[in-house]
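Novice: Mind looking over this structure? Questions follow.
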Amino acid sequence: LGDKTGAGFYKRVGAAKELHAIDWRTLEYHPAATSSFPQLAALAKVADLPHRLRSLVQADGVVGKFLSRVLSDYVEYAASLVPEISDRIVEIDRAMRWGYGHTFGPFELWDTLGFSTTAQRMIAERRTLPPIARAILDSGEVGFYRDTAVEGEPIVEYFDLATRSFRSLELTPGVLVLSDLKKARGVLERNDWASLVDLRDGVLCMELHGPKDTVDTPTIEMVKAAISLLSTDYDALVIAGESADFASGTNLQSLWTLIEAEHWTELASRLETWHEVLLNLKYAPKPVIAAAYGRTSGIAYDLLQYTCAVQVHAELYLGANETSYGLVPLGGATTQLLLRMHDPIAVLDLLMKASTSSSAAEAVALGYLPKDFALTMNKRRLIADAKARVLSLVSSYQRGDRADALVTGGALVRDQVERHIERKQADGQFSPHDVTIARSLAYVLSGGDERIISEQELLRLERDAVVSLCQTQATKERLSHWLTHGKALRN
């Protein structure tokens, strides 16, 4: 009867709400069993979604057989409804993407799985191909959609059943799709971390591939390449992305490898190089804007802190959560927050909470975002909005100078911050290792022993704090617990 009545295919049993499943043979409930498929575990590591989907349906054994059957049923049914519920395949795909949050509509999914391969498999299974699929197969075409370009501008064509030919899909004003632009124009430069794409009108785009980043050579080299091109060939730079999230954190496994090997000099060197690259981005000769959306943390949040403007989607889960795994921010967020907020205690509290905003508005309220950010309600328009905004800054942009004399207060301010930490500890808000992390932050936020300090020296204090914390047993325990269980250890 369903979960609202207390029992459906599953029900919760006892005070612990243990999940029980119905046995379709006896109609009796028993503890829900878990299944393990080594094939799925291996294929889950394939980052590219189309590649992963094709590998899944082609897998040997019950996994491939089950998924192939389920997805074939789905795309076959959708195709049978053309033209009954829609003259065009486009509206059905849009309904499933926009209304149900699917990455691919059914016809896009069929193309992704391989149109001809899937159609031939259906024929071998003695299925009747829907008329639109039979028409495409008989015409020798290779899918429901195809990409073309006119003078470097991307054009998407869809198969029209009424005319049995391809027709151009109308362009949507105010929308830029990086994947379409890359098909039409290619990329200027690419590695596993990011791509450089020409948005035209003098605007360069650095597309982050996500989901997790690390302070490593590919990251550093791509930001350097973007700044170099910006200096010589472009008027502005947009940092954007098209993955599910802008970038959801830091690759802790890479950091853990350095910690286990006790490569402290290499860690410090990487951080120093990264900080220098970020400063070059902040003081770039031309304007740079970040177009952030979804989960944005770790290195992606660092980049956002160093741009001259921010364009964000309303649905923004922004945060600096490094303290939850025993560290302070790796990319200078502590310094940049202090420069913007001018309140070391407020910065400390924000970083120690390691909270994540539930929206762009809350990100501003928490202090993660500057108040002069610009908001985009429709995510599909985010990149175009960012491009328009950064172009509006070109004529008035003036390159800043590195801050050489920041008044941080030194020991006097540090005493105030440490008294605040003691109160937090007395109230039970800080665990023993929280206190260690907070005191590291206090030293950075007060400028160490200097009352007046340069921005570059403040960043040096940050990386010293990172390297020092990485050598503590408590941080190693937090990192290990996070990598193993995916949640924070309060030690």
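The values are calculated or read from the model by the stated rules, or taken from the named source; none is laboratory data. As the structure is a computational prediction, the values presented were derived from the model and not from experiment. Ideal geometry is used to build each Cβ from the backbone, glycine not excepted, and the neighbour counts take in all protein chains shown. The area values use the complete protein model at the heavy-atom level, side chains included, leaving out ligands, DNA and RNA. Shrake-Rupley method; radii C 1.70, N 1.55, O 1.52, S 1.80 Å.
Novice: Run down the aspartates and glutamates and flag those whose C-alpha is under 12 Å from the C-alpha of Lys476, throwing out any fewer than 8 positions away in its chain.
Specialist: Candidates past the 8-residue exclusion: Glu260, Glu262.
Novice: To continue, here is another question. Answer rounded, prolate or oblate for segment 50-154, using the Cα gyration tensor with square roots of eigenvalues a ≥ b ≥ c: rounded when a/c is under 1.5, else prolate when a/b is larger than b/c, else oblate.
Specialist: Rounded shape, in that the Cα axes give a/c under 1.5.
Novice: On to the next question. If you average 1/r over every pair of different alpha-carbon atoms in the chain and take one over that average, what Kirkwood value in Å do you get?
Specialist: Result for the chain stands at 25.7 Å.
Novice: Quickly rank 162-171, 270-279 as a protection proxy: mean count of other C-beta atoms within 10 Å, highest first.
Specialist: Peptide ranking by packing, descending: 270-279, 162-171.
Novice: Further, regarding this structure: Of the DSSP beta bridges with both residues in the chain, give the percent that are antiparallel, rounding to the nearest 5.
Specialist: Looking only at bridges with both residues in the chain, the antiparallel portion is about 55 percent.
Novice: Which order, highest average first, do 394-407, 443-456, 358-371 follow once you tally other Cβ atoms within 10 Å for each residue and take the mean per peptide?
Specialist: 443-456, 358-371, 394-407
Novice: Rounded to the nearest Å, what's the spacing between the alpha carbon centres of segment 69-84 and segment 375-399? Just the number, please.
Specialist: 40 Å
Novice: For a test of the definition: using alpha carbon positions, the gyration tensor, and the 1.5 limit on a/c, classify segment 1-105 as rounded, prolate or oblate.
Specialist: It comes out oblate by the Cα gyration axes.
Novice: Once you charge only the Cβ atoms, +1 for Lys and Arg and -1 for Asp and Glu, what is the size of the charge dipole of the chain about its Cα centre, to the nearest 20 debye?
Specialist: The dipole of the chain has a size of about 1040 debye.
Novice: Under 19 Å Cα to Cα from Lys286, which lysines show up? Leave out anything in the same chain fewer than 8 places away.
Specialist: Lys224, Lys387
Novice: Report, to the nearest whole %, how much of the accessible area of the chain belongs to carbon and sulfur atoms, 1.4 Å probe, protein only.
Specialist: 52 percent
Novice: Next question, about the same structure. Using the alpha-carbon centroid of each, what span in Å lies between segment 268-286 and segment 118-176?
Specialist: Cα centroid of segment 268-286 versus Cα centroid of segment 118-176: 46 Å apart.
Novice: Keeping all protein chains in place, calculate the accessible area per residue for the chain (probe 1.4 angstrom), answer in Å².
Specialist: For the chain, the solvent-accessible area averages 49 Å² per residue.
Novice: Using just the helices of the chain, give the 222 nm mean residue ellipticity in deg cm²/dmol: DSSP H runs with n ≥ 4 each add -39,500 (n - 2.57), and the total is spread over all residues, rounded to 500.
Specialist: For the chain, the value works out to -14000 deg cm²/dmol.
Novice: Could you tell me the relative contact order of the chain? Use alpha-carbon pairs under 8 Å, at least six residues apart, and round to a whole percent.
Specialist: 10 percent
Novice: Classify segment 123-170: rounded, prolate or oblate, from the alpha-carbon gyration tensor (a ≥ b ≥ c, eigenvalue square roots; a/c under 1.5 rounded; otherwise prolate if a/b is larger than b/c)?
Specialist: Note, shape of segment 123-170 comes out prolate.
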